[in-house]
Amino acid sequence: MGRNGKHSPAGDNKFATSLNFLKTLFETTEGPVNICALENETFGKGGPMETTRDPTVLEKFIQRHDKKGWGVYFCVGTMVSEKHHHSEDAINEIPFLHVDIDFKHIDDKYEDVLRKLKTLPLPPSMIVRSGHGVHAYWILKEAIVLGENRETDYERVKDALKLLCDLVGGDMKVTHPAALMRMVGSHNTKEDSWLDVVIVDQDDIRRYELDDIEDMLSIKSPIILRKERPPQEPNTEDRYWENYYNSLNIKPPPIDVHQRLKDMRYMCGTENAIHSTQLSVTASMVIAERDPEEIVKLVMEATKVAAGGYWERWNHKREERAIRRMIADAQKKKAAGKLGASTIDNEEEEEEERRAAHSKRRCHEHRFRYKAKTKNRERCQGKSRRQESQSQDQFV
(Lines give C-alpha, C1' and ligand atoms only; values in the text may rest on other atoms or scores of the structure.)
Protein backbone atom coordinates (compact mmCIF):
# COMPACT_ATOMS: atom_id res chain seq x y z
CA MET A 1 0.00 0.00 0.00
CA GLY A 2 1.45 3.35 -0.95
CA ARG A 3 1.40 6.64 0.91
CA ASN A 4 -1.87 7.60 -0.77
CA GLY A 5 -3.58 4.58 0.75
CA LYS A 6 -3.62 2.48 -2.44
CA HIS A 7 -1.94 -0.90 -2.80
CA SER A 8 1.54 -0.95 -4.24
CA PRO A 9 2.82 -3.77 -6.52
CA ALA A 10 5.12 -4.99 -3.73
CA GLY A 11 2.29 -5.04 -1.21
CA ASP A 12 1.76 -8.81 -1.24
CA ASN A 13 5.43 -9.41 -0.44
CA LYS A 14 5.19 -7.10 2.55
CA PHE A 15 2.16 -8.90 3.91
CA ALA A 16 3.94 -12.25 3.49
CA THR A 17 6.81 -10.69 5.44
CA SER A 18 4.37 -9.83 8.23
CA LEU A 19 3.16 -13.43 8.44
CA ASN A 20 6.68 -14.85 8.42
CA PHE A 21 7.57 -12.39 11.17
CA LEU A 22 4.67 -13.63 13.31
CA LYS A 23 5.54 -17.24 12.49
CA THR A 24 9.10 -16.74 13.74
CA LEU A 25 8.03 -15.08 16.99
CA PHE A 26 5.20 -17.49 17.78
CA GLU A 27 6.66 -20.73 16.40
CA THR A 28 6.61 -22.45 19.83
CA THR A 29 3.03 -21.43 20.67
CA GLU A 30 -0.41 -22.87 20.02
CA GLY A 31 -2.75 -20.08 21.13
CA PRO A 32 -4.28 -17.47 18.80
CA VAL A 33 -2.47 -14.21 18.11
CA ASN A 34 -4.11 -10.83 18.63
CA ILE A 35 -3.48 -8.03 16.12
CA CYS A 36 -5.09 -4.60 16.14
CA ALA A 37 -5.10 -1.22 14.42
CA LEU A 38 -4.86 2.00 16.37
CA GLU A 39 -5.35 5.53 15.11
CA ASN A 40 -2.35 7.76 15.79
CA GLU A 41 -4.36 10.62 17.28
CA THR A 42 -6.34 8.40 19.66
CA PHE A 43 -3.69 5.79 20.43
CA GLY A 44 -4.66 3.51 23.31
CA LYS A 45 -8.40 4.15 23.03
CA GLY A 46 -9.22 1.02 21.09
CA GLY A 47 -9.64 0.09 17.46
CA PRO A 48 -10.46 -2.85 15.19
CA MET A 49 -8.75 -6.14 16.04
CA GLU A 50 -8.60 -9.85 15.26
CA THR A 51 -7.58 -12.83 17.39
CA THR A 52 -6.70 -15.84 15.25
CA ARG A 53 -3.97 -18.04 13.75
CA ASP A 54 -5.59 -18.03 10.32
CA PRO A 55 -3.07 -16.48 7.89
CA THR A 56 -5.76 -15.35 5.47
CA VAL A 57 -7.59 -13.40 8.18
CA LEU A 58 -4.32 -11.89 9.44
CA GLU A 59 -3.21 -10.86 5.96
CA LYS A 60 -6.53 -9.22 5.10
CA PHE A 61 -6.51 -7.32 8.40
CA ILE A 62 -2.99 -5.97 7.88
CA GLN A 63 -3.76 -5.09 4.28
CA ARG A 64 -6.94 -3.23 5.25
CA HIS A 65 -5.49 -1.21 8.13
CA ASP A 66 -1.95 -0.39 6.99
CA LYS A 67 -2.87 3.14 5.97
CA LYS A 68 -2.04 6.75 6.66
CA GLY A 69 -2.92 7.94 10.17
CA TRP A 70 -3.05 4.40 11.57
CA GLY A 71 -0.67 1.78 12.94
CA VAL A 72 -0.91 -2.01 12.93
CA TYR A 73 0.20 -3.80 16.10
CA PHE A 74 0.32 -7.29 17.60
CA CYS A 75 0.18 -8.49 21.20
CA VAL A 76 3.40 -10.09 22.45
CA GLY A 77 1.57 -12.96 24.16
CA THR A 78 -0.94 -15.39 22.69
CA MET A 79 -4.55 -15.33 23.84
CA VAL A 80 -6.48 -17.92 25.84
CA SER A 81 -9.01 -18.19 22.99
CA GLU A 82 -10.17 -16.35 19.88
CA LYS A 83 -12.83 -14.66 22.00
CA HIS A 84 -10.14 -12.80 23.97
CA HIS A 85 -8.28 -9.60 23.15
CA HIS A 86 -5.05 -8.16 24.52
CA SER A 87 -5.24 -7.80 28.28
CA GLU A 88 -3.23 -9.25 31.14
CA ASP A 89 -5.96 -11.73 32.08
CA ALA A 90 -6.19 -13.03 28.51
CA ILE A 91 -2.51 -13.94 28.03
CA ASN A 92 -1.91 -17.66 27.49
CA GLU A 93 1.72 -18.07 26.32
CA ILE A 94 4.83 -15.87 26.41
CA PRO A 95 7.25 -16.88 23.63
CA PHE A 96 9.80 -14.04 23.81
CA LEU A 97 11.01 -10.97 25.69
CA HIS A 98 10.78 -7.61 23.98
CA VAL A 99 12.02 -4.03 24.20
CA ASP A 100 10.80 -0.84 22.51
CA ILE A 101 13.56 1.78 22.16
CA ASP A 102 12.34 5.24 21.12
CA PHE A 103 14.97 7.54 19.61
CA LYS A 104 13.43 10.61 21.23
CA HIS A 105 14.13 9.19 24.71
CA ILE A 106 17.85 8.46 24.20
CA ASP A 107 20.94 10.25 22.92
CA ASP A 108 22.30 7.28 20.95
CA LYS A 109 21.87 7.22 17.18
CA TYR A 110 20.43 4.27 15.27
CA GLU A 111 23.84 2.86 14.35
CA ASP A 112 25.00 3.04 17.99
CA VAL A 113 21.87 1.29 19.26
CA LEU A 114 22.29 -1.51 16.71
CA ARG A 115 25.96 -1.96 17.58
CA LYS A 116 25.36 -2.02 21.34
CA LEU A 117 22.51 -4.53 21.06
CA LYS A 118 24.69 -6.87 19.02
CA THR A 119 27.53 -6.72 21.57
CA LEU A 120 25.39 -7.93 24.47
CA PRO A 121 26.43 -11.31 25.98
CA LEU A 122 23.04 -12.56 24.73
CA PRO A 123 22.17 -10.48 21.64
CA PRO A 124 18.55 -10.19 20.49
CA SER A 125 17.20 -12.95 18.25
CA MET A 126 15.67 -10.25 16.08
CA ILE A 127 16.03 -6.48 15.74
CA VAL A 128 13.39 -4.37 14.00
CA ARG A 129 13.60 -0.76 12.85
CA SER A 130 10.18 0.57 13.79
CA GLY A 131 10.32 3.91 12.04
CA HIS A 132 11.16 6.22 14.94
CA GLY A 133 12.97 3.65 17.03
CA VAL A 134 14.13 0.06 17.40
CA HIS A 135 12.34 -3.05 18.67
CA ALA A 136 14.39 -6.00 19.95
CA TYR A 137 13.19 -9.55 20.62
CA TRP A 138 14.81 -12.35 22.63
CA ILE A 139 12.99 -15.51 21.51
CA LEU A 140 12.74 -18.28 24.10
CA LYS A 141 13.52 -21.90 23.26
CA GLU A 142 10.13 -22.85 24.63
CA ALA A 143 7.21 -20.51 25.25
CA ILE A 144 6.23 -19.95 28.87
CA VAL A 145 2.72 -21.33 29.31
CA LEU A 146 0.78 -19.57 32.05
CA GLY A 147 -0.81 -22.41 33.98
CA GLU A 148 -1.01 -23.28 37.66
CA ASN A 149 1.81 -20.88 38.54
CA ARG A 150 0.33 -18.13 36.38
CA GLU A 151 0.84 -15.22 38.78
CA THR A 152 4.40 -16.22 39.69
CA ASP A 153 5.47 -16.79 36.07
CA TYR A 154 3.75 -13.60 34.88
CA GLU A 155 5.51 -11.48 37.52
CA ARG A 156 8.82 -13.17 36.77
CA VAL A 157 8.56 -12.20 33.11
CA LYS A 158 7.52 -8.64 34.02
CA ASP A 159 10.58 -8.32 36.29
CA ALA A 160 12.85 -9.52 33.48
CA LEU A 161 11.23 -7.12 30.99
CA LYS A 162 11.79 -4.16 33.33
CA LEU A 163 15.47 -5.00 33.80
CA LEU A 164 15.89 -5.62 30.07
CA CYS A 165 14.26 -2.26 29.42
CA ASP A 166 16.67 -0.50 31.80
CA LEU A 167 19.58 -2.33 30.18
CA VAL A 168 18.94 -0.84 26.73
CA GLY A 169 17.07 2.39 27.51
CA GLY A 170 13.65 1.12 26.46
CA ASP A 171 10.12 2.35 27.07
CA MET A 172 8.83 1.20 30.47
CA LYS A 173 5.22 1.39 29.28
CA VAL A 174 5.50 -1.91 27.38
CA THR A 175 7.24 -3.98 30.07
CA HIS A 176 4.44 -6.52 30.44
CA PRO A 177 3.33 -9.64 28.52
CA ALA A 178 0.18 -7.99 27.15
CA ALA A 179 2.04 -5.15 25.42
CA LEU A 180 1.48 -4.15 21.79
CA MET A 181 4.39 -3.89 19.33
CA ARG A 182 4.37 -2.54 15.80
CA MET A 183 3.90 -5.07 12.99
CA VAL A 184 6.78 -5.77 10.62
CA GLY A 185 5.70 -5.20 7.02
CA SER A 186 3.43 -2.31 8.01
CA HIS A 187 4.28 1.39 8.22
CA ASN A 188 4.84 3.94 10.94
CA THR A 189 2.70 6.92 9.98
CA LYS A 190 3.21 9.09 13.03
CA GLU A 191 4.21 12.73 12.45
CA ASP A 192 2.78 12.50 8.92
CA SER A 193 5.46 9.95 7.92
CA TRP A 194 5.34 6.71 5.92
CA LEU A 195 8.23 4.66 7.30
CA ASP A 196 8.75 0.95 6.67
CA VAL A 197 8.80 -1.32 9.73
CA VAL A 198 11.52 -3.80 8.79
CA ILE A 199 13.73 -6.51 10.27
CA VAL A 200 17.35 -5.31 10.25
CA ASP A 201 18.97 -8.23 12.07
CA GLN A 202 17.84 -11.81 12.64
CA ASP A 203 19.57 -14.98 13.85
CA ASP A 204 17.51 -18.19 13.98
CA ILE A 205 20.15 -19.80 16.21
CA ARG A 206 19.62 -17.29 19.02
CA ARG A 207 17.02 -18.97 21.19
CA TYR A 208 17.32 -18.53 24.93
CA GLU A 209 16.29 -19.90 28.30
CA LEU A 210 14.72 -17.30 30.58
CA ASP A 211 17.24 -18.29 33.27
CA ASP A 212 20.14 -17.33 31.00
CA ILE A 213 18.63 -13.94 30.22
CA GLU A 214 18.06 -13.33 33.93
CA ASP A 215 21.70 -14.22 34.62
CA MET A 216 22.82 -11.63 32.07
CA LEU A 217 20.55 -9.02 33.60
CA SER A 218 21.92 -9.72 37.09
CA ILE A 219 25.49 -8.76 36.12
CA LYS A 220 25.18 -6.40 33.14
CA SER A 221 24.93 -2.65 33.65
CA PRO A 222 22.85 -0.48 31.24
CA ILE A 223 24.47 0.00 27.84
CA ILE A 224 22.00 2.60 26.54
CA LEU A 225 20.85 5.37 28.87
CA ARG A 226 17.60 7.27 28.71
CA LYS A 227 17.67 11.06 28.76
CA GLU A 228 15.45 10.84 31.82
CA ARG A 229 16.27 8.00 34.19
CA PRO A 230 15.99 7.09 37.89
CA PRO A 231 18.27 9.07 40.22
CA GLN A 232 21.49 7.35 41.18
CA GLU A 233 23.10 9.15 44.08
CA PRO A 234 24.41 6.49 46.47
CA ASN A 235 24.67 7.59 50.08
CA THR A 236 28.33 7.08 50.92
CA GLU A 237 28.39 9.05 54.14
CA ASP A 238 29.98 7.19 57.05
CA ARG A 239 27.13 8.33 59.31
CA TYR A 240 24.60 6.53 57.11
CA TRP A 241 26.45 3.23 57.47
CA GLU A 242 27.15 3.78 61.14
CA ASN A 243 23.42 4.19 61.76
CA TYR A 244 22.68 1.15 59.65
CA TYR A 245 25.11 -1.06 61.59
CA ASN A 246 23.60 0.15 64.84
CA SER A 247 20.05 -0.49 63.65
CA LEU A 248 20.92 -4.15 63.01
CA ASN A 249 23.03 -4.37 66.14
CA ILE A 250 25.96 -5.80 64.17
CA LYS A 251 29.66 -5.11 64.28
CA PRO A 252 30.92 -2.99 61.37
CA PRO A 253 32.82 -4.98 58.73
CA PRO A 254 36.58 -4.60 58.26
CA ILE A 255 37.66 -1.22 56.88
CA ASP A 256 38.48 -2.62 53.43
CA VAL A 257 35.02 -4.21 53.13
CA HIS A 258 33.31 -1.06 54.40
CA GLN A 259 35.15 1.02 51.81
CA ARG A 260 34.28 -1.34 48.99
CA LEU A 261 30.60 -1.18 49.89
CA LYS A 262 30.77 2.62 49.96
CA ASP A 263 32.44 2.68 46.55
CA MET A 264 30.05 0.20 44.91
CA ARG A 265 28.27 1.68 41.87
CA TYR A 266 25.63 0.64 39.39
CA MET A 267 26.41 1.28 35.69
CA CYS A 268 30.11 1.02 36.44
CA GLY A 269 32.49 -1.22 34.49
CA THR A 270 35.34 -1.13 36.99
CA GLU A 271 36.11 -3.15 40.11
CA ASN A 272 33.47 -1.02 41.86
CA ALA A 273 30.68 -2.59 39.81
CA ILE A 274 27.94 -4.25 41.85
CA HIS A 275 28.61 -7.88 40.89
CA SER A 276 32.37 -7.75 41.38
CA THR A 277 31.96 -5.91 44.69
CA GLN A 278 29.43 -8.46 45.94
CA LEU A 279 31.80 -11.33 45.14
CA SER A 280 34.73 -9.69 46.86
CA VAL A 281 32.80 -8.57 49.94
CA THR A 282 31.03 -11.88 50.55
CA ALA A 283 34.34 -13.75 50.26
CA SER A 284 36.08 -11.34 52.68
CA MET A 285 33.32 -11.64 55.25
CA VAL A 286 33.25 -15.44 54.98
CA ILE A 287 36.98 -15.47 55.71
CA ALA A 288 36.28 -13.22 58.71
CA GLU A 289 33.69 -15.81 59.83
CA ARG A 290 30.83 -13.33 59.89
CA ASP A 291 27.28 -14.68 60.21
CA PRO A 292 25.79 -15.46 56.73
CA GLU A 293 22.51 -13.69 57.54
CA GLU A 294 24.47 -10.63 58.57
CA ILE A 295 26.37 -10.73 55.28
CA VAL A 296 23.13 -11.02 53.28
CA LYS A 297 21.53 -8.04 55.04
CA LEU A 298 24.62 -5.87 54.67
CA VAL A 299 25.28 -6.65 50.99
CA MET A 300 21.58 -6.30 50.08
CA GLU A 301 21.41 -2.86 51.73
CA ALA A 302 24.61 -1.75 50.02
CA THR A 303 23.28 -2.97 46.67
CA LYS A 304 20.04 -1.07 47.21
CA VAL A 305 21.98 2.11 47.96
CA ALA A 306 24.29 1.66 44.96
CA ALA A 307 21.42 1.02 42.55
CA GLY A 308 19.57 4.18 43.51
CA GLY A 309 16.22 4.60 41.75
CA TYR A 310 16.81 1.48 39.63
CA TRP A 311 16.40 -0.69 42.74
CA GLU A 312 12.63 -0.33 42.58
CA ARG A 313 12.53 -2.43 39.40
CA TRP A 314 14.96 -5.13 40.50
CA ASN A 315 13.91 -8.63 41.51
CA HIS A 316 14.90 -8.42 45.17
CA LYS A 317 14.32 -12.10 45.90
CA ARG A 318 16.52 -13.12 42.98
CA GLU A 319 19.22 -10.68 44.13
CA GLU A 320 19.14 -12.20 47.61
CA ARG A 321 19.39 -15.73 46.20
CA ALA A 322 22.42 -14.70 44.15
CA ILE A 323 24.14 -13.27 47.23
CA ARG A 324 23.40 -16.42 49.21
CA ARG A 325 24.96 -18.50 46.41
CA MET A 326 28.08 -16.34 46.59
CA ILE A 327 28.30 -16.95 50.33
CA ALA A 328 27.79 -20.70 49.91
CA ASP A 329 30.45 -20.86 47.18
CA ALA A 330 32.89 -18.91 49.37
CA GLN A 331 32.22 -21.25 52.31
CA LYS A 332 32.92 -24.32 50.16
CA LYS A 333 36.18 -22.82 48.93
CA LYS A 334 37.20 -21.90 52.44
CA ALA A 335 36.48 -25.43 53.71
CA ALA A 336 38.61 -26.81 50.87
CA GLY A 337 41.43 -24.41 51.65
CA LYS A 338 41.00 -22.60 48.37
CA LEU A 339 39.86 -19.26 49.75
CA GLY A 340 42.15 -16.71 51.31
CA ALA A 341 42.96 -13.02 51.19
CA SER A 342 45.17 -13.54 48.15
CA THR A 343 42.41 -15.23 46.12
CA ILE A 344 39.60 -12.74 46.66
CA ASP A 345 40.60 -10.50 43.76
CA ASN A 346 40.30 -13.48 41.41
CA GLU A 347 36.68 -14.21 42.34
CA GLU A 348 35.15 -11.93 39.73
CA GLU A 349 37.41 -13.21 36.95
CA GLU A 350 36.64 -16.83 37.82
CA GLU A 351 32.92 -16.12 37.98
CA GLU A 352 32.94 -14.43 34.58
CA GLU A 353 34.87 -17.37 33.10
CA ARG A 354 32.32 -19.81 34.51
CA ARG A 355 29.42 -17.79 33.11
CA ALA A 356 31.11 -17.45 29.71
CA ALA A 357 31.82 -21.18 29.58
CA HIS A 358 28.23 -21.95 30.56
CA SER A 359 26.83 -19.60 27.93
CA LYS A 360 29.17 -20.99 25.26
CA ARG A 361 28.21 -24.55 26.12
CA ARG A 362 24.48 -23.76 25.99
CA CYS A 363 24.91 -22.01 22.66
CA HIS A 364 26.91 -24.94 21.24
CA GLU A 365 24.28 -27.43 22.40
CA HIS A 366 21.50 -25.41 20.82
CA ARG A 367 23.40 -25.04 17.53
CA PHE A 368 23.96 -28.79 17.45
CA ARG A 369 20.26 -29.51 18.04
CA TYR A 370 19.25 -26.88 15.50
CA LYS A 371 21.52 -28.33 12.81
CA ALA A 372 20.33 -31.88 13.52
CA LYS A 373 16.71 -30.76 13.35
CA THR A 374 17.30 -28.87 10.11
CA LYS A 375 19.12 -31.80 8.52
CA ASN A 376 16.32 -34.17 9.45
CA ARG A 377 13.70 -31.82 8.08
CA GLU A 378 15.60 -31.47 4.81
CA ARG A 379 15.89 -35.22 4.47
CA CYS A 380 12.19 -35.81 5.14
CA GLN A 381 10.62 -32.92 3.33
CA GLY A 382 12.97 -32.08 0.48
CA LYS A 383 13.92 -28.73 -0.97
CA SER A 384 10.47 -27.86 -2.32
CA ARG A 385 8.88 -28.49 1.05
CA ARG A 386 11.43 -26.26 2.78
CA GLN A 387 10.63 -23.43 0.40
CA GLU A 388 6.96 -23.97 0.96
CA SER A 389 7.48 -23.64 4.72
CA GLN A 390 8.29 -19.99 4.13
CA SER A 391 4.83 -19.34 2.73
CA GLN A 392 2.10 -17.69 4.70
CA ASP A 393 0.10 -20.96 4.98
CA GLN A 394 2.63 -22.30 7.49
CA PHE A 395 1.66 -19.86 10.24
CA VAL A 396 -1.46 -21.84 11.16
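The values are calculated or read from the model by the stated rules, or taken from the named source; none is laboratory data. Computed from a prediction, not measured in an experiment: that's the story for all the values here. When we count neighbours, we look across all protein chains shown, and the Cβ atoms used for this are built from the backbone with ideal geometry, even at glycine.
Numbers for the structure displayed
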item	result
Filtered residues of the stretch 17-36 (kept if hydrophobic (A, V, I, L, M, F, W, C) and not in a helix (DSSP H, G or I))	F26, V33, I35, C36
Among residues of the stretch 95-141, those that are among the basic types (K, R) and under 18 Å from S186 (Cβ atoms), counted	1
Some residue of the stretch 322-329 being assigned by TED's automatic domain parsing to the domain that holds N272 and in contact with a Lys or Arg (Cβ under 9 Å, 6 or more places away or on another chain)	no
Enumeration of residues in the stretch 37-51 that are within 21 Å of D192 (Cβ to Cβ), in a loop (DSSP other than H, G, I, E, B) and at pLDDT 85 or above	G47
Candidates V99, V57, V80, filtered to the one that is among the β-branched types (V, I, T), in the same structural domain as R156 (by TED's automatic domain parsing) and either closer than 19 Å to V134 by Cα or surrounded by 18 or more Cβ atoms within 10 Å (Cβ to Cβ) (or both)	V99
Residues of the stretch 209-225 classified as of a type outside the set (A, V, I, L, M, F, W, C) and either in a helix (DSSP H, G or I) or at pLDDT 90 or above (or both), total	6
Within the stretch 63-79, tally of residues that are more than 27 Å from R206 (Cα to Cα) and either aromatic (F, W, Y) or under 27 Å from the mean Cα position of the chain (by Cα) (or both)	2
When residues of the stretch 301-324 are limited to those that are over 23 Å from the mean Cα position of the chain (by Cα) and of a type outside the set (D, E), the one modelled with the lowest pLDDT	V305
Residue in the stretch 243-252 that is in contact with a strand residue (DSSP E or B) (Cβ under 7 Å, 6 or more places away or on another chain), modelled with pLDDT under 95 and polar (S, T, N, Q) present	no
Cβ pairs under 6 Å, 6+ apart, first in the stretch 132-156 and surrounded by fewer than 18 Cβ atoms within 10 Å (Cβ to Cβ), second basic (K, R)	K141/R207
Residue among V113, V76, V72, V80 that alone is aliphatic (A, V, I, L, M) and in contact with an Asp or Glu (Cβ under 6 Å, 6 or more places away or on another chain)	V72
Residue identified as acidic (D, E) and surrounded by 15 or more Cβ atoms within 10 Å (Cβ to Cβ) among D89, D159, D112, D107	D159
